[in-house]
1. Tell me whether the stretch 13-32 contains one or more residues that are of a type in the set (Val, Ile, Thr) and in contact (Cβ under 8 Å) with a residue 60 or more places away in the chain.
2. Within the group Pro95, Pro88, Pro31, which residue is farther than 23 Å from Gln138 by Cβ and modelled with pLDDT of 95 or more?
3. Can you name every residue in the stretch 23-35 that is closer than 16 Å to Gly82 by Cα and in contact with an Asp or Glu (Cβ under 8 Å, 6 or more places away or on another chain)?
4. Tell me which of these Phe51 doesn't satisfy, since it passes every other one: (1) touching a strand residue (DSSP E or B) at 6+ places or on another chain (Cβ under 7 Å); (2) crowded, with 17+ Cβ neighbours inside 10 Å.
5. So for the stretch 15-22 (the condition being within 20 Å of Thr167 (Cβ to Cβ) and among the polar types (S, T, N, Q)), does at least one residue qualify?
6. Are there any pairs with C-beta distances below 6 angstrom linking a residue in the stretch 154-176 that is farther than 15 Å from Lys2 by Cα to a residue that is assigned to a strand (DSSP E or B), with the two at least 6 apart or on different chains, and if so which?
7. Starting from residues that are in contact with a strand residue (DSSP E or B) (Cβ under 7 Å, 6 or more places away or on another chain) and not charged (D, E, K, R), keep the ones in the stretch 148-168 and report whichever is surrounded by the most Cβ atoms within 10 Å (Cβ to Cβ).
8. Just to be sure I understand, how many residues within the stretch 19-45 are surrounded by fewer than 20 Cβ atoms within 10 Å (Cβ to Cβ), touching a helix residue (DSSP H, G or I) at 6+ places or on another chain (Cβ under 6 Å) and not in a helix (DSSP H, G or I)?
Amino acid sequence: MKSAPNLILIGPMGSGKSSIGRRLAQRLGLPFVDVDREIEHATGASIPLIFELEGEEGFRERERDVLARVCAGHGQVIATGGGAVLLPANRELMPTRGFVVHLSVTLDNQLRRLVQDRNRPLLQHPDRRERLRQLGEQRAPLYAAVADLEYDTGRSGVRQAVERLETLLQQHWQLSAPQPPAPEIPAPAPMDTAP
């Protein structure tokens, strides 16, 4: 069993990170943090607008900074964006600051769940199936590299998925005790430059 300060959900878009994460957090009595919403709150801009103005690279830098800030906390269920695993810094951080669950989903279930979603910049593509297949192929090894547990979300509704995942977590993860804050280090005194 792994002891870790947070529960971190990773996986492709449409895998249920937000919907499962929110309900799981309620059942566990922990706050829920959606990294994408935190990015929008911090910037005052929607994710599509950030992509439009700064491109994916600019968005990934913002995502890295927000993820680092969120993961510094304790006792949270954290839903990451589907591409959070792309940056090496994030892949190094997440396993050290949480128990990482890879929510997996079949391509057909992704398409079904995302059929009405027009707000995802990386899904603005004429062939959504092919786009999701490409993203899945690129990211699957990265999810596997950081995950403590893989969980298939595609076989049932959200309520059943949450209940089964909670049971699995009881066998594999325990919330670590909070660490006391680091002592405040006083700033060095200014140098006396008087003659």
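1. Initially, the stretch 13-32 is screened for residues of a type in the set (Val, Ile, Thr), giving 20.
Imposing the further condition that a residue be in contact (Cβ under 8 Å) with a residue 60 or more places away in the chain reduces the set to 20.
Yes, the stretch 13-32 contains a residue that is of a type in the set (Val, Ile, Thr) and in contact (Cβ under 8 Å) with a residue 60 or more places away in the chain.
2. Values: Pro95 fails: farther than 23 Å from Gln138 by Cβ; Pro88 fails: farther than 23 Å from Gln138 by Cβ.
None of the others qualify; the one that does is Pro31.
3. Result: Val35, single match.
4. (1)
5. Yes, that holds for at least one residue.
6. Cβ pairs passing all conditions: Leu165/Tyr151.
7. Top of the filtered list is Thr153.
8. Number of matching residues: 1.
The values are calculated or read from the model by the stated rules, or taken from the named source; none is laboratory data. Bear in mind the structure is a predicted one, so any value in this text is a computation, not a measurement. Note that each Cβ is placed from the backbone with ideal geometry, even for glycine, and that neighbours are counted across all protein chains shown.
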